[in-house]
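Only one structure is covered here, and it is reproduced in the block below.
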Amino acid sequence: MSTPRYLTSVAVFSAVDSRSFLKGKLSMAEGSTLQKRYQACMILSGAGDALGYNNGDWEFESNAEKIHKEVAEKGGLAKLDIRNFPISDDTVMHLATADALVKTGGASLKDLYGALVKEYIKCMDDMSGRAPGFTCISSTTYLRGHPEGNWRIPFSKVGGGCGAAMRAMCVGLRFPAPEQENHLVAVSVESGRMTHHHPTGYLGGLAGALFTAYAVRGEPPVEAWGQGLMEVLKRAKEYVKQTGHCVEENLEHWNYFEDSWRIYLGQRGILEGTGKAQFPDDYGVPAREVFYKSVSHRGTGGASGHDAPMIAYDALLRAGDSWTELANHGFFHGGDSDSTAAIAAAWWGALYGFHNVPSKNYKGLEYYKRLSNVADALYQLRDKPLS
């Protein structure tokens, strides 16, 4: 077996001056600095969420062809004015994660976890009309009654939804370098299981954070991200064992996420992290809907922690640097479309900045300034060590 491209590229990247990359000397899109890509990651994630949500009309709409028809009737993606599309719970909780990362700066992980609990509880006051998930509501209610400093909740057999995945991309902005991956694993796992204490749920957060870090680095190639995840899952499993918290329950339910991703990567021909992703000749809207349902947990594409990042990744692989194709594949589909959109748009923005994104699709976004400010703060914190 040849050496997977993921391992080769990480070794090469680690051998060069990773800090020079993180200080913005390299970029994925011409004229797009690293700081601008940080901005695009946060802002476009919010824009994707808002477009996929469409005031609740497109989230969980089962008929994808109906969504695409309505987009066309509105003049197409370029004509969609983001001022008419409020954000959903996804961006509110992504901002909560980012705010905690920024407020604690270089403090200890324990301080960060305490801040995350506070931000997740506080953000529940901003959920009117945003359709928060039941698991997030019930878990933050539980945390509200916890003694301060205790961030752990019981294991949940129904905690495998996408609520952890949709809000973890900023963790990859805070810890983007290869030498920071232990922190990335710990923070994505712990922040995820504050509400979704089930490996199918919180490992979606790990994927969201890890792929953002890969996008920031520019290495490995996008086709190798999935193989990289399979390697990092081993470290996550060891981390969960070391914490000593509900270990038996977590290990009992561990394999579903990993097996689902292994099957998916095999279908795309990139399990080994090499080559180009292989798609069917017919991959139009009906064919995509069949596929998205086939990889889902119960027929609702993007609603689970394993398939929300999977569908987002599928869209990214298919779209390349085309914002329009990313939206067609990752925003406008049957199922939990705002969550897959928030994740896919974050990764795309971290790779390509605002490259050819119509200004109507993001300027004027609700909480634009907050997203912009927190992106700048995360950029400044990206190589700051923890105490």
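The values are calculated or read from the model by the stated rules, or taken from the named source; none is laboratory data. Just so we're clear, the structure is a prediction, and the values are computed from it rather than from any experiment. With ideal geometry, Cβ positions are generated from the backbone for all residues, glycine too; neighbour counts draw on all protein chains shown.
Within segment 140-168, being at pLDDT 95 or above and out of contact with any helix residue (DSSP H, G or I) (no Cβ under 9 Å at 6 or more places or on another chain) holds for one residue alone: Tyr142.
Of all residues in segment 134-153, at least one satisfies being under 25 Å from Asp338 (Cα atoms), touching a Phe, Trp or Tyr at 6+ places or on another chain (Cβ under 9 Å), in a helix (DSSP H, G or I) and not hydroxyl-bearing (Ser, Thr, Tyr). Just the residues that are surrounded by fewer than 21 Cβ atoms within 10 Å (Cβ to Cβ), among the small types (Gly, Ala, Ser) and either touching a Cys at 6+ places or on another chain (Cβ under 6 Å) or not in a helix (DSSP H, G or I) (or both), please, taken from segment 73-119. Hits for segment 73-119 are Gly75, Gly76, Gly105, Gly106, Ala107, Ser108.
Against the condition in contact with a Gly (Cβ under 9 Å, 6 or more places away or on another chain), assigned to a loop (DSSP other than H, G, I, E, B), aromatic (Phe, Trp, Tyr) and at pLDDT 95 or above, how does Phe354 come out, does it pass? Here the answer is no, as Phe354 does not meet what is asked.
Among the residues of segment 318-355, just one is among the β-branched types (Val, Ile, Thr) and more than 19 Å from Glu65 (Cβ to Cβ), namely Ile343.
In segment 293-317, which residues are assigned to a helix (DSSP H, G or I) and more than 17 Å from the chain's Cα centre (by Cα)?
Quick first cut of segment 293-317, residues assigned to a helix (DSSP H, G or I) only: 293-295, 307-317.
Of everything in segment 293-317, those that are assigned to a helix (DSSP H, G or I) and more than 17 Å from the chain's Cα centre (by Cα) turn out to be Lys293, Ser294, Val295.
Does Ala209 satisfy being within 17 Å of the chain's Cα centre (by Cα) and touching a residue at least 60 places away in the same chain (Cβ under 8 Å)? Walk me through it before giving the result.
On the way: within 17 Å of the chain's Cα centre (by Cα): yes; touching a residue at least 60 places away in the same chain (Cβ under 8 Å): no.
No, not satisfied.
In the set Pro385, Pro358, Pro286, only one residue is in contact (Cβ under 8 Å) with a residue 12 or more places away in the chain and crowded, with 16+ Cβ neighbours inside 10 Å; that residue is Pro358. Charged (D, E, K, R), at pLDDT 95 or above and buried (at least 19 other Cβ atoms within 10 Å of the Cβ), is that true of Asp307? The answer is yes for Asp307.
Residues of segment 248-264 that are more than 18 Å from the chain's Cα centre (by Cα), within 25 Å of Phe291 (Cβ to Cβ) and of a type outside the set (Phe, Trp, Tyr): His253, Asn255, Asp259, Arg262, Ile263. Residues that are of a type in the set (Asp, Glu) and either without any contact (Cβ under 8 Å) to a residue 24 or more places away in the chain or more than 22 Å from His146 (Cβ to Cβ) (or both) within segment 82-110 comprise just one, Asp90. Taking segment 318-365 as the range and being under 15 Å from the mean Cα position of the chain (by Cα) and of a type in the set (D, E, K, R) as the test, the residues that pass are Asp336, Asp338. Gly364 falls short on exactly one of the conditions (1) farther than 15 Å from Cys170 by Cα; (2) in contact with a Gly (Cβ under 8 Å, 6 or more places away or on another chain); (3) of a type outside the set (Lys, Arg), and that condition is (2).
In segment 286-295, the count of residues that are farther than 16 Å from Glu325 by Cα, small (Gly, Ala, Ser) and out of contact with any Leu (no Cβ under 7 Å at 6 or more places or on another chain) is one or more. Close Cβ contacts (under 6 Å, 6 or more residues apart or on different chains) running from residues in segment 161-173 that are in a strand (DSSP E or B) to residues that are crowded, with 24+ Cβ neighbours inside 10 Å comprise Gly161/Gly201.
Can you spot a residue in segment 169-187 that is under 21 Å from Glu252 (Cα atoms) and at pLDDT 95 or above? Walk me through it before giving the result.
Just the residues of segment 169-187 that are under 21 Å from Glu252 (Cα atoms), to begin with: 185-186.
Checking the rest, the ones that are also at pLDDT 95 or above come to 185-186.
Yes, the conditions are met somewhere in segment 169-187.
For first residues located in segment 38-63 and over 23 Å from Arg217 (Cβ atoms) and surrounded by fewer than 24 Cβ atoms within 10 Å (Cβ to Cβ), partners that are charged (D, E, K, R) and at pLDDT 95 or above and lie 6+ apart or on another chain with Cβ distances below 7 Å form the pairs Glu59/Asp336; Glu59/Asp338; Phe60/Asp336. Taking the criterion of being farther than 13 Å from Lys276 by Cα and in contact (Cβ under 8 Å) with a residue 60 or more places away in the chain, the residues of segment 313-322 that qualify are Tyr313, Asp321.
Pairs meeting the criteria (first residue in segment 121-132 and within 13 Å of Leu95 (Cβ to Cβ) and modelled with pLDDT of 95 or more, second residue assigned to a helix (DSSP H, G or I) and of a type in the set (Val, Ile, Thr), beta carbons under 7 Å, at least 6 apart or on different chains) are Cys123/Val92; Met124/Ile137; Met124/Thr140; Asp126/Val92; Met127/Val92; Arg130/Val92.
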